[in-house]
(Lines give C-alpha, C1' and ligand atoms only; values in the text may rest on other atoms or scores of the structure.)
Protein backbone atom coordinates (compact mmCIF):
# COMPACT_ATOMS: atom_id res chain seq x y z
CA UNK A 1 0.00 0.00 0.00
CA UNK A 2 1.18 3.50 -0.81
CA UNK A 3 -0.07 6.98 -0.02
CA UNK A 4 -0.20 9.22 -3.09
CA UNK A 5 0.15 12.97 -2.57
CA UNK A 6 -0.72 15.16 -5.55
CA UNK A 7 0.54 18.76 -5.30
CA UNK A 8 0.32 21.86 -7.46
CA UNK A 9 2.96 24.43 -8.40
CA UNK A 10 2.38 26.47 -5.23
CA UNK A 11 3.47 23.59 -2.98
CA UNK A 12 4.72 24.08 -0.34
CA UNK A 13 3.43 27.36 1.03
CA UNK A 14 5.99 27.33 3.82
CA UNK A 15 9.25 25.46 4.11
CA UNK A 16 10.78 23.16 1.52
CA UNK A 17 10.49 19.57 0.49
CA UNK A 18 13.82 17.76 0.49
CA UNK A 19 14.76 15.19 -2.12
CA UNK A 20 17.85 13.13 -2.85
CA UNK A 21 19.38 11.21 -5.73
CA UNK A 22 19.35 8.01 -3.64
CA UNK A 23 17.06 6.71 -0.87
CA UNK A 24 18.10 7.41 2.73
CA UNK A 25 20.59 10.03 1.56
CA UNK A 26 21.10 13.57 2.76
CA UNK A 27 18.30 15.63 1.23
CA UNK A 28 18.54 19.01 -0.42
CA UNK A 29 15.84 21.58 -1.11
CA UNK A 30 13.70 20.48 -4.04
CA UNK A 31 13.00 23.98 -5.34
CA UNK A 32 9.96 22.72 -7.28
CA UNK A 33 7.56 19.77 -7.51
CA UNK A 34 7.86 16.57 -9.55
CA UNK A 35 7.87 17.19 -13.30
CA UNK A 36 4.92 16.02 -15.37
CA UNK A 37 5.03 12.22 -15.58
CA UNK A 38 7.55 11.96 -12.75
CA UNK A 39 7.27 11.08 -9.08
CA UNK A 40 9.22 11.36 -5.87
CA UNK A 41 9.08 8.28 -3.64
CA UNK A 42 9.72 8.01 0.09
CA UNK A 43 12.94 6.12 0.83
CA UNK A 44 11.11 3.14 2.38
CA UNK A 45 9.32 2.47 -0.91
CA UNK A 46 12.55 1.66 -2.73
CA UNK A 47 13.16 -1.42 -0.58
CA UNK A 48 9.49 -2.42 -0.28
CA UNK A 49 8.68 -2.15 -3.98
CA UNK A 50 12.17 -3.07 -5.20
CA UNK A 51 12.70 -0.24 -7.64
CA UNK A 52 15.43 2.33 -8.22
CA UNK A 53 15.72 5.96 -9.26
CA UNK A 54 14.82 6.14 -12.95
CA UNK A 55 12.44 3.15 -12.85
CA UNK A 56 8.78 3.41 -13.81
CA UNK A 57 6.06 2.86 -11.21
CA UNK A 58 2.43 2.24 -12.06
CA UNK A 59 -0.16 4.33 -10.23
CA UNK A 60 -3.54 3.21 -11.45
CA UNK A 61 -3.65 3.67 -15.22
CA UNK A 62 -0.52 5.84 -15.52
CA UNK A 63 3.20 5.11 -15.25
CA UNK A 64 5.52 7.56 -13.53
CA UNK A 65 9.31 7.79 -13.65
CA UNK A 66 10.78 7.87 -10.14
CA UNK A 67 13.11 10.85 -10.38
CA UNK A 68 14.04 11.40 -6.71
CA UNK A 69 13.82 9.96 -3.23
CA UNK A 70 11.49 12.05 -1.07
CA UNK A 71 13.35 12.73 2.17
CA UNK A 72 11.17 15.28 4.02
CA UNK A 73 8.00 17.27 3.50
CA UNK A 74 7.47 20.52 5.41
CA UNK A 75 3.77 19.77 5.94
CA UNK A 76 4.15 16.15 7.03
CA UNK A 77 3.25 16.13 10.71
CA UNK A 78 3.32 12.36 10.88
CA UNK A 79 0.50 9.88 11.09
CA UNK A 80 0.00 6.18 11.61
CA UNK A 81 -1.23 5.79 8.02
CA UNK A 82 2.00 7.27 6.67
CA UNK A 83 4.00 4.82 8.76
CA UNK A 84 2.01 1.95 7.23
CA UNK A 85 1.87 3.42 3.72
CA UNK A 86 4.93 5.38 2.58
CA UNK A 87 4.31 8.35 0.32
CA UNK A 88 4.80 8.91 -3.38
CA UNK A 89 4.37 12.48 -4.63
CA UNK A 90 3.12 13.49 -8.08
CA UNK A 91 1.78 16.62 -9.77
CA UNK A 92 -1.88 17.36 -9.19
CA UNK A 93 -2.28 17.78 -12.96
CA UNK A 94 -1.23 14.10 -13.39
CA UNK A 95 -3.73 12.72 -10.86
CA UNK A 96 -6.76 12.47 -13.16
CA UNK A 97 -4.84 10.31 -15.66
CA UNK A 98 -4.22 7.68 -12.95
CA UNK A 99 -7.93 6.94 -12.61
CA UNK A 100 -7.36 6.48 -8.87
CA UNK A 101 -10.03 8.95 -7.75
CA UNK A 102 -13.39 7.20 -7.95
CA UNK A 103 -16.50 7.08 -5.78
CA UNK A 104 -14.95 4.21 -3.81
CA UNK A 105 -11.54 5.86 -3.30
CA UNK A 106 -10.29 6.81 0.12
CA UNK A 107 -9.20 10.32 -0.79
CA UNK A 108 -8.47 13.22 1.52
CA UNK A 109 -8.27 16.78 0.26
CA UNK A 110 -6.24 19.37 2.10
CA UNK A 111 -5.97 23.08 1.51
CA UNK A 112 -3.12 24.94 3.11
CA UNK A 113 -3.27 28.63 3.83
CA UNK A 114 -0.55 31.14 4.55
CA UNK A 115 -0.94 34.70 5.76
CA UNK A 116 -0.77 36.93 8.78
CA UNK A 117 -2.11 35.60 12.06
CA UNK A 118 -4.97 38.15 11.91
CA UNK A 119 -5.94 37.13 8.37
CA UNK A 120 -5.86 33.43 9.22
CA UNK A 121 -7.89 34.00 12.40
CA UNK A 122 -10.49 36.00 10.45
CA UNK A 123 -10.73 33.24 7.84
CA UNK A 124 -10.99 30.62 10.58
CA UNK A 125 -13.90 32.49 12.21
CA UNK A 126 -15.62 32.82 8.84
CA UNK A 127 -15.10 29.12 8.18
CA UNK A 128 -16.63 28.20 11.54
CA UNK A 129 -19.87 29.93 10.47
CA UNK A 130 -20.13 27.97 7.21
CA UNK A 131 -21.96 24.70 6.73
CA UNK A 132 -19.51 22.53 4.81
CA UNK A 133 -20.47 18.95 5.60
CA UNK A 134 -17.54 16.72 6.50
CA UNK A 135 -15.04 19.58 6.72
CA UNK A 136 -12.43 19.27 9.43
CA UNK A 137 -10.20 22.23 10.24
CA UNK A 138 -6.75 21.64 11.71
CA UNK A 139 -3.88 23.88 12.60
CA UNK A 140 -0.28 22.88 13.17
CA UNK A 141 -0.90 22.78 16.90
CA UNK A 142 -3.74 20.27 16.69
CA UNK A 143 -2.80 18.33 13.54
CA UNK A 144 -1.48 15.39 15.54
CA UNK A 145 -1.28 14.97 19.34
CA UNK A 146 2.41 14.09 19.05
CA UNK A 147 3.10 17.37 17.23
CA UNK A 148 1.23 19.37 19.86
CA UNK A 149 3.22 17.64 22.63
CA UNK A 150 6.51 18.27 20.81
CA UNK A 151 5.65 21.96 20.32
CA UNK A 152 4.69 22.32 23.98
CA UNK A 153 7.94 20.67 25.08
CA UNK A 154 10.01 22.82 22.74
CA UNK A 155 8.24 25.94 23.98
CA UNK A 156 8.87 24.95 27.62
CA UNK A 157 12.50 24.13 26.88
CA UNK A 158 13.09 27.41 25.06
CA UNK A 159 11.39 29.31 27.87
CA UNK A 160 13.55 27.53 30.43
CA UNK A 161 16.70 28.22 28.40
CA UNK A 162 15.78 31.91 28.13
CA UNK A 163 15.35 32.15 31.92
CA UNK A 164 18.60 30.32 32.56
CA UNK A 165 20.78 32.97 30.91
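Some notes on this structure:
- With respect to (1) part of a helix (DSSP H, G or I); (2) surrounded by fewer than 19 Cβ atoms within 10 Å (Cβ to Cβ), the lone exception for residue 95 is condition (2).
- Taken residue by residue, the stretch 52-62 has at least one member that is surrounded by 13 or more Cβ atoms within 10 Å (Cβ to Cβ), at pLDDT 80 or above, in contact with a helix residue (DSSP H, G or I) (Cβ under 8 Å, 6 or more places away or on another chain) and farther than 24 Å from residue 30 by Cα.
- Members of the stretch 21-61 that are within 15 Å of residue 5 (Cα to Cα) and part of a strand (DSSP E or B): 38, 39, 40, 41, 42, 57, 58, 59
- Residue match in the stretch 86-101 (condition: over 24 Å from residue 134 (Cα atoms), over 18 Å from the mean Cα position of the chain (by Cα) and modelled with pLDDT under 95): no
- Residue 115 being part of a loop (DSSP other than H, G, I, E, B) and within 18 Å of the chain's Cα centre (by Cα): no
- Considering the conditions (1) within 19 Å of residue 96 (Cβ to Cβ); (2) in a strand (DSSP E or B); (3) touching a helix residue (DSSP H, G or I) at 6+ places or on another chain (Cβ under 9 Å), residue 69 is excluded by exactly one of them, (1).
The values are calculated or read from the model by the stated rules, or taken from the named source; none is laboratory data. As the structure is a computational prediction, the values presented were derived from the model and not from experiment. Virtual Cβ from ideal backbone geometry, glycine too; neighbours counted across all protein chains shown.
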